[in-house]
1. Within region 17-42, work out how many residues are over 30 Å from GLU154 (Cβ atoms) and free of Cβ contacts under 8 Å to residues at least 40 places away in the same chain.
2. Just wondering, is there one or more residues in region 76-95 that are closer than 23 Å to LEU55 by Cβ and hydrophobic (A, V, I, L, M, F, W, C)?
3. List, please: which pairs have Cβ atoms under 6 Å, are six or more places apart or on different chains, and start with a residue in region 43-54 that is on the phi < 0 side of the Ramachandran plot and touching a residue at least 60 places away in the same chain (Cβ under 8 Å) and end with one that is among the charged types (D, E, K, R) and surrounded by 11 or more Cβ atoms within 10 Å (Cβ to Cβ)?
Amino acid sequence: MMRKAIMVIIAMTMSVAIFAQKSPKIGHINSNDLLTAMPERATVQKELEDHANQLRATLDAMRKEYETKVTEFQSKQDVMTDIIKQTKIKEITDLEKRITEFQQTAEEDLQKKEQSLLQPIIDKAKDAINAVAKENGYTYVLDSSVGVVLYSVESDDILPMVKKKLAIN
């Protein structure tokens with residue numbers, strides 16, 4: 001009998017514990033929309049465009065130098081000695097190599113610059129999302145911009161609350 005009473009008490013305690021747990025509260029946000037709405041984004045975009053334009057100007061100057069050397073070589077190659085031809089061909093191929101290397105380095109540089117400029121904005125957005133989630137008791141917040149969630153029960157869009165947290169209209 002005592003054993004049965006203990007089992008009933010344990011069962012009641014477990015059922016109370018299960019009922020005490022909250023059901024998960026799920027929210028979603030489109031992080032791309034949030035990042036686009038952040039005023040810092042325009043400043044970053046402008047700085048990236050300026051940097052890209054500087055790199056493009058340098059590349060254009062290198063290409064113009066290349067075209068000039070090729071045109072000059074083609075117009076004068078008939079009167080050049082073999083040693084001068086070889087020297088000019090080497091200059092042109094070296095310039096081709098430098099242009100290719102510059103293009104690769106410029107692309108990497110632009111990506112690194114973008115990452116370094118965007119990371120503080122991403123961190124700020126993430127902090128605001130976390131704060132809103134905690135303040136409003138969300139168990140999960142899904143990012144609807146990546147399209148990974150194929151199905152979900154209806155959830156709250158927390159974008160307006162995060163924008164408010166960041167003082168974005």
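Bear in mind these aren't lab numbers, they're just calculated from the coordinates by the rules spelled out. Being a predicted model, the structure only gives us computed values, none of them experimental. Cβ coordinates were reconstructed from backbone atoms using ideal geometry, including for glycine residues, and neighbour counts include every protein chain displayed.
1. The initial filter retains those residues of region 17-42 that are over 30 Å from GLU154 (Cβ atoms), namely 39-40, 42.
Adding the requirement that they be free of Cβ contacts under 8 Å to residues at least 40 places away in the same chain leaves 42.
Summing the residues that are over 30 Å from GLU154 (Cβ atoms) and free of Cβ contacts under 8 Å to residues at least 40 places away in the same chain in region 17-42 gives 1.
2. Yes - at least one qualifying residue is present in region 76-95.
3. LEU48/GLU114; HIS51/LYS113
Quick grid of which residues meet (1) touching a helix residue (DSSP H, G or I) at 6+ places or on another chain (Cβ under 8 Å); (2) not polar (S, T, N, Q):
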position	(1), (2)
ALA57	no, yes
TYR66	yes, yes
VAL70	yes, yes
SER75	no, no
ILE83	no, yes
ILE89	yes, yes
ILE92	yes, yes
GLU96	yes, yes
THR105	no, no
